[in-house]
Amino acid sequence: MKKWAGIISNLTILTQFGLSFVTPLLLCLGICWWLTNRFALGGWVYLIGFFFGLGGSFTVAYKLYLQVTAREKKEKQEKKKVSFNRHN
């Protein structure tokens, strides 16, 4: 049963990573679309929006990476602590 819990946990993290990576990019491109339609700006706005969206995506992905590695480090320390207490 622990194996399934690990698989589901990893699948959840992967799904969250995918959504976190795509959402800022789509949001910035949606704002660019609105700006071009509302204020008749040129297509150059999409280029700026694309780079801002990628920046937001990488920032969110990096924060998620830090969170996951911190959690794994904490679990590893707890496992080591339990193993140490078991031997004493």
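With the requirement that a residue be assigned to a helix (DSSP H, G or I) and modelled with pLDDT under 85, what does region 69-88 give you? Selection gives LYS79, LYS80, LYS81, VAL82, SER83, PHE84, ASN85, ARG86, HIS87. Is region 23-35 home to any residue that is farther than 22 Å from ALA70 by Cβ, more than 23 Å from the chain's Cα centre (by Cα) and open to solvent by 80 Å² or more (accessible area, probe 1.4 Å)? So far as region 23-35 goes, yes, one or more of its residues are farther than 22 Å from ALA70 by Cβ, more than 23 Å from the chain's Cα centre (by Cα) and open to solvent by 80 Å² or more (accessible area, probe 1.4 Å).
Would you confirm, using the coordinates I've provided, whether ILE48 is of a type in the set (A, V, I, L, M, F, W, C) and open to solvent by 70 Å² or more (accessible area, probe 1.4 Å)? Give the steps one after another, and end with the answer.
Numbers: of a type in the set (A, V, I, L, M, F, W, C): yes; open to solvent by 70 Å² or more (accessible area, probe 1.4 Å): yes.
For ILE48, the condition - of a type in the set (A, V, I, L, M, F, W, C) and open to solvent by 70 Å² or more (accessible area, probe 1.4 Å) - is met.
Does PHE51 satisfy the condition of being modelled with pLDDT of 90 or more, over 15 Å from the mean Cα position of the chain (by Cα) and assigned to a helix (DSSP H, G or I)? In short, yes.
Of all residues in region 51-88, which are under 30 Å from GLY30 (Cβ atoms) and open to solvent by less than 100 Å² (accessible area, probe 1.4 Å)?
Step one: filter region 51-88 for residues under 30 Å from GLY30 (Cβ atoms), giving 51-68.
Passing the criteria: GLY53, LEU54, GLY55, GLY56, SER57, THR59, VAL60, ALA61, LEU64, LEU66, VAL68.
The single condition from (1) open to solvent by 60 Å² or more (accessible area, probe 1.4 Å); (2) at pLDDT 90 or above; (3) part of a helix (DSSP H, G or I) that LEU41 fails is (3).
Among ILE13, ILE8, ILE31, which is modelled with pLDDT of 95 or more and of a type in the set (Val, Ile, Thr)? I'd like the intermediate steps shown before the answer.
Numbers: ILE13 fails: modelled with pLDDT of 95 or more; ILE8 fails: modelled with pLDDT of 95 or more.
That would be ILE31, the only listed residue that is modelled with pLDDT of 95 or more and of a type in the set (Val, Ile, Thr).
The values are calculated or read from the model by the stated rules, or taken from the named source; none is laboratory data. These figures come from a predicted structure and were not determined experimentally. Every residue, glycine as well, gets a Cβ built from its backbone with ideal geometry; the counts of neighbours run over all protein chains shown. Remember, those area values only see protein heavy atoms, side chains included, never the ligands or the DNA or RNA. Shrake-Rupley method; radii C 1.70, N 1.55, O 1.52, S 1.80 Å.
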